[in-house]
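The values are calculated or read from the model by the stated rules, or taken from the named source; none is laboratory data. On a predicted model such as this, the values are computed, not experimentally measured, just so you know. Here the Cβ is made from the backbone with ideal geometry for all residues, glycine too, and neighbour counts use every protein chain on show. Surface areas here come from the heavy atoms of the whole protein model, side chains and all, with no ligands, DNA or RNA. Shrake-Rupley method; radii C 1.70, N 1.55, O 1.52, S 1.80 Å.
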Amino acid sequence: MVFILLHLSFILVAQQTIHHWEMAVKANHSWRYHIGTTAPPGQWSDKEFDDSGWNEGPGGIGYGDDDDGTVITQTPSVFLRIKFTIHDLTQIEEAQLLADYDDAFVAYLNGTEVARSGIAGNPPGHDQFAETTHEASLHQGLYPDIFTLTKDEIAQFLVEGENTMAVQVHNA
């Protein structure tokens, strides 16, 4: 099963205290996706990549086990893309990527890898299977995996204006 639930959360800082969290990407937002029966084009994770020819559907994306917004056929991998906007980078102190997935993934912001679990390779091949099994957590009442970006990493990976998160998910 391929299932992905990703949230990119931001802490906005006012007077050096946490003011509030904002969600830049929600799981049920509409994602562009490429089913991994073939390799995606070389620069698929880059911000400038034209994904207009890819399929589109709400997350999570999976095999139809009652928790998927978009149902796909079984495949070793699926490649996902979503665009989001950042208005003022100076107000962001920390970002968190919350990932709920089966079985492995690699996440990219504007073409740069920012999180990975359960798979090797740079980048992993479209026909490569996950090295471990990992069951999605939320449907079990558990928390997703959390990957934190510091203020320095935010400045390195994100831009004011349009950004792109790209994720490749692999089955065991």
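Taken together, the criteria exclude Val167 from residues that are open to solvent by 30 Å² or more (accessible area, probe 1.4 Å), hydrophobic (A, V, I, L, M, F, W, C) and under 16 Å from Phe84 (Cβ atoms). Among the residues making up segment 144-156, a single one is out of contact with any strand residue (DSSP E or B) (no Cβ under 8 Å at 6 or more places or on another chain) and either part of a loop (DSSP other than H, G, I, E, B) or open to solvent by less than 80 Å² (accessible area, probe 1.4 Å) (or both): Ala155. Summed over segment 147-172, the residues that are closer than 23 Å to Arg32 by Cα and either of a type in the set (D, E, K, R) or out of contact with any helix residue (DSSP H, G or I) (no Cβ under 7 Å at 6 or more places or on another chain) (or both) give a count of 16.
Applying the condition of being small (Gly, Ala, Ser) and in a loop (DSSP other than H, G, I, E, B) to segment 56-69 and asking which residue is nearest to Pro144 (Cα to Cα) yields Gly60. Scanning segment 21-35 for residues that are at pLDDT 80 or above and of a type in the set (Phe, Trp, Tyr), which turns out most open to solvent (accessible area, probe 1.4 Å)? That would be Tyr33.
Annotation: Asp88 fulfils all but one of (1) surrounded by fewer than 17 Cβ atoms within 10 Å (Cβ to Cβ); (2) closer than 13 Å to Ile154 by Cα; (3) free of Cβ contacts under 8 Å to residues at least 60 places away in the same chain; the unmet one is (3).
Every residue, every condition in (1) at pLDDT 80 or above; (2) β-branched (Val, Ile, Thr); (3) over 18 Å from Ile146 (Cβ atoms), yes or no:
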| site | (1), (2), (3) |
| --- | --- |
| Leu8 | no, no, no |
| His19 | no, no, yes |
| Asp50 | yes, no, yes |
| Val71 | yes, yes, yes |
| Ile82 | yes, yes, yes |
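Would you check if there is a residue in segment 59-70 being open to solvent by less than 40 Å² (accessible area, probe 1.4 Å), among the polar types (S, T, N, Q) and closer than 20 Å to Asp46 by Cα? There is no residue in segment 59-70 that is open to solvent by less than 40 Å² (accessible area, probe 1.4 Å), among the polar types (S, T, N, Q) and closer than 20 Å to Asp46 by Cα. When segment 70-85 is filtered for residues that are aliphatic (A, V, I, L, M), part of a strand (DSSP E or B) and touching a residue at least 40 places away in the same chain (Cβ under 8 Å), the ones remaining, listed by number, are Val78, Leu80, Ile82. Of all residues in segment 36-55 being among the polar types (S, T, N, Q) and part of a loop (DSSP other than H, G, I, E, B), which is surrounded by the most Cβ atoms within 10 Å (Cβ to Cβ)? Among those that are among the polar types (S, T, N, Q) and part of a loop (DSSP other than H, G, I, E, B), it is Ser45.
Of all residues in segment 86-126, those being part of a loop (DSSP other than H, G, I, E, B) and touching a Gly at 6+ places or on another chain (Cβ under 7 Å) number 2.
When the residues of segment 114-130 are filtered to those that are over 19 Å from Gln74 (Cβ atoms) and either of a type in the set (A, V, I, L, M) or touching a residue at least 40 places away in the same chain (Cβ under 8 Å) (or both), the one that is surrounded by the fewest Cβ atoms within 10 Å (Cβ to Cβ) is Ala120.
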